[in-house]
Amino acid sequence: MDLTNDCHPVFDGLLRRCVELNASDIHITSSVEPYYRVDNAVIKDGEESISSTTVAEIVESLLTPQQWEVLRQEMSIDVAFFWENWQRFRVNVFYQRNSLAMA
């Protein structure tokens, strides 16, 4: 999937910060501020928590209808996408405490 022109604005900002920090991971959980993994340390960056609605919107922008069905049945799914300058990202979407989360 190519998100070059279709990235959710909140997710776009998180990806930009990930690249700036040279982070290997972003941890996104409903109603919690995002965490980044930088040099094997998990850090906060002072961002606001992300609402469950926004997390769901981000996930919806990433998944096809078939992938949504897999997520509903299996409670998690792994996907990959391309973002600006063809940077490739892998994402694990899963349910945590009945809310969507991503890493």
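Rule-based calculations on the coordinates, nothing more; no lab input. Please read these numbers as outputs of a predicted model, since none were measured by experiment. Cβ sites come from the backbone with ideal geometry, for glycine too, and all protein chains shown count toward neighbours.
Between Ser99 and Glu84, the modelled labels are 2.8 nm apart [label points 7 Å from Cα along Cα→Cβ].
Residue by residue, the stretch 93-103 carries 3J(HN,Hα) couplings of 9, 8, 9, 10, 6, 6, 10, 6, 9, 9, 9 Hz when phi is fed to the Karplus relation 6.51 cos²θ - 1.76 cosθ + 1.60 (θ = phi - 60°); x denotes Gly or Pro. DSSP beta bridges confined to the stretch 9-102 are antiparallel in about 95 percent of cases. For the chain, the dipole from Cβ point charges (+1 on Lys and Arg, -1 on Asp and Glu) about the Cα centre works out to 240 debye, to the nearest 20.
The gain in end-to-end length when the His27 to Ser51 segment is fully stretched comes to 7.3 nm, 0.36 nm per residue minus the alpha carbon separation.
The string of couplings for the stretch 60-71 from the Karplus curve (6.51, -1.76, 1.60, θ = phi - 60°) is 4, 6, 8, 9, 7, x, 5, 5, 4, 5, 4, 4 Hz, one whole number per residue in order, with x for Gly and Pro.
Calculated mean residue ellipticity, 222 nm, the chain: -10000 deg cm²/dmol, from DSSP H runs (n ≥ 4) at -39500 (n - 2.57) each, averaged per residue and rounded to 500. In this structure, the amide hydrogen of Ile50, modeled 1.01 Å from its nitrogen in the peptide plane, lies closer than 5 angstrom to those of Ser31, Val32, Glu33, counting only residues at least 5 positions away or on a different chain. This ranking places His27, His8 by how few other beta-carbon atoms lie within 10 Å of each, fewest first, which gives His27, His8.
Remark: spin-label model distance Val42-Asn92 equals 1.1 nm, labels positioned 7 Å along the Cα→Cβ axis. For the chain, modelled as a GNM whose springs connect Cα atoms under 10 angstrom apart, the maximal fluctuation among Asp12, Asp39, Asp25 occurs at Asp39.
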